[in-house]
Amino acid sequence: MEEKKKINKAIIAVIASLGVITAGLFGYVIYMDATKPVFNLNTDSLSIEAGDGFDPLDYVSFVKNVDEKTIDIDNPVQTGILGEYQVYYGAGQEIKALKVTVEDTKAPTFTIKPGTHEYYTDEKIAPEDLIYTLSDETDVDVSLDYEGQNFTEPGDYKLKVVASDAAGNETVRFANIKISKKDTTPPEIWGVIDVVIVEGDSLDLMNGIQVFDDIDENPSLEIEGEYDKEKPGEYRIKYIAKDASDNESSAERLIRVEPEIIVPVERPAGIEPFTGDVTNYIPQGGSVGWDATGIRKQPYLVAVNRAMNTVTVYGKDENGNYTIPVKAFACSVGREGHETITGTYKTTDRFPWCYMVDGTWGRYAIRISGGYMFHSIGYYERKEDTLEYDEFNKLGTPASLGCVRLCLSDIYWLYAYCPTGFRTVIYDDYESAGPLGKPTPPMIDTSNEFTRGWDPTDPEYPY
């Protein structure tokens, strides 16, 4: 009997330690331990959005005999990393578990940099170069979808940009792309020719200089070197052109400053000296006069007879006046409705190539006044072999839109030997072409497709 009582007491002690209430076989009533910690969770599993806050105590729903802040919690949840996590709660001998799933149901948000993005045909497009803003709670991969477009050809394109997060959510945007051919050709510098000026004269180093580039519309131009207009001698000036792709070219010109010396021109045989008033000079055989008084540092006066489509160049006599004819050229003045202006003018701008009002190009253009110029016969393109051959064969007759046209060798003579600012007189004389007469203009065989695109007086004429 004593042994049975000992066994019952041991069982009771174990049961009491477990804190249960029972009416046993042994005739004892054991009451629950009133100090044992007790708590519950309001769920055993839940899902949260990536990036949202997570407080494990928010899910403890019943607490007894314990401060919820003292509950031991093992919380491995990382809301920025997708996956399933087990959160364990413990108080005394009470242990509970909560399964937490971190998921991402929201697509990334991003914007494309505004404007058009420019690339060369051989240049790789990097997605990060197109992104302006990008946000997501998980890692994001940005890719490009060319949608079958050939981005190796110049043109304007819409490029699909796709942002995908770790959960596979996608956002699509489109970028404006401009593909251009890479510029490897340096600019061309035109109009850099050697010049001679008289001591004391100034020279505009940019006058007549033009820079062209096949892609860049505004290449830069710098000048290195200087000259002393008061000191006779030779000076070298360097022109350096650069385009937006840093392609560079250069050209040099020689400037020769000479002392002012008046050298009379030899009078042609048969041309009698003029003894009248040079302020009302009338060329021999002519009927229209002008002021032939010489201009300092200008060796020639250029007279254009509209009525005869003839140009006569006068040099200075022993008194320094323009009374000696030295050159005569056949020309084309303005046709009916586009008559060339008359009067006396001081020439200004010069251009080795000049884009004309009718869409053609003129060579060695010299401005008379406004839109009226001396220049060559027109070219369809800025190339020496694209001459308007039908217009060339009109030399000696009115054919222009008001300018004075000359064959290439004649206009180049004016360009090379008559300094900027020379005086020109445009007049009508129906009785005489001029003291040297009117030369017979050259002609082109327009049926010859190989040669007709060239001015036959061009020094570079290849035939």
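Which pairs in the list LYS64/LYS99; LYS231/LYS297; LYS124/LYS181; LYS36/LYS99 are over 20 Å apart, alpha-carbon to alpha-carbon? Before the final figure, lay out each step's value.
Values: LYS64/LYS99 23 Å; LYS231/LYS297 16 Å; LYS124/LYS181 13 Å; LYS36/LYS99 26 Å.
Flagged as over cut-off: LYS64/LYS99; LYS36/LYS99.
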- Mean shadow area (nm²) of the C-alpha convex hull around the chain is 43.4 nm²
- What residues qualify as long-range amide H neighbours of ASP385, i.e. H under 5 Å apart, gap of 5 or more or another chain, H built at 1.01 Å from N? none
- Query: If we restrict to alpha carbons, what Rg and Dmax does region 188-258 come to, in Å?
  - Reply: 13.5, 41
- Task: Report, to two decimal places, the Cα Rg of region 278-427 normalised by 2.2 N^0.38 Å (N = number of residues).
- Result: 1.01
- State the percent of C-alpha pairs, over all pairs in region 38-103, separated by a distance greater than 16 angstrom. 42 percent
- J(HN,Hα) series, region 99-111, from Karplus relation 6.51 cos²θ - 1.76 cosθ + 1.60, nearest Hz, glycine and proline x: 8, 10, 10, 8, 10, 10, 10, 9, 6, x, 10, 7, 10
- Within region 165-200, which residues have the backbone N less than 17 Å from the label spot 7 Å out from ALA244 along Cα→beta-carbon, could you tell me? 176-188
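With +1 on each Lys and Arg Cβ and -1 on each Asp and Glu Cβ, how big is the dipole of the chain about its Cα centre, in debye rounded to the nearest 20? Let's see the in-between values first.
Numbers: 43 positive and 78 negative charges, 109 e Å.
Dipole of the chain, to the nearest 20 debye: 520 debye.
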- Message: Over 32 Å between Cα atoms: which of LYS242/LYS327; LYS229/LYS327; LYS229/LYS316; LYS383/LYS438; LYS113/LYS238; LYS229/LYS346 fall into that group?
- Response: LYS242/LYS327; LYS113/LYS238
- Task: Please list, in chain and number order, the residues 5+ apart from TYR120 or on another chain whose amide H is under 5 Å from its amide H, with Hs placed from the backbone.
- Result: SER180
- Message: Taking θ = phi - 60°, what integer Hz values does the Karplus form 6.51 cos²θ - 1.76 cosθ + 1.60 yield along region 440-456, in sequence order, with x for Gly and Pro?
- Response: 7, x, x, 10, 10, 7, 6, 7, 8, 5, 7, 9, 5, x, 10, 6, x
- Hey, how many Å between the Cα centroid of region 106-126 and the Cα centroid of region 333-373? 49 Å
- Message: Using amide H atoms built in the peptide plane, which far-off residues or other-chain residues are under 5 Å from SER376 H to H?
- Response: ARG363, LEU406
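Seen from all sides and averaged, what is the projected area of the convex hull of the Cα atoms in region 109-180, in nm²?
Numbers: hull surface 18.4 nm².
With every direction weighted equally, the projected area is 4.6 nm².
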- Whole Å is fine, so just give me how far the alpha carbon centre of region 181-216 lies from that of region 51-105. 80 Å
- Order of PHE450, PHE54, PHE174, PHE422 from fewest to most other C-beta atoms within 10 Å? PHE450, PHE174, PHE54, PHE422
- Grab the DSSP H runs of the chain that are 4 residues or longer, score each as -39,500 (n - 2.57), total them, divide by all residues and round the 222 nm result to the nearest 500 deg cm²/dmol. -2000 deg cm²/dmol
- Message: Using the Karplus curve 6.51 cos²θ - 1.76 cosθ + 1.60 with θ = phi - 60°, what ³J(HN,Hα) values do you get for each residue of region 425-434, in whole Hz, with x for Gly and Pro?
- Response: 10, 10, 8, 10, 9, 7, 9, 9, 5, x
- Working from Cα positions, state the angle (0 to 90°, nearest 10) between the long axis of helix 2-18 and the longest principal axis of the chain. 20 degrees
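Since every read-out is calculated from the coordinates, none of them should be taken as a lab result. All of these numbers come straight from a predicted model, not from anything done at the bench. Cβ coordinates were reconstructed from backbone atoms using ideal geometry, including for glycine residues, and neighbour counts include every protein chain displayed.
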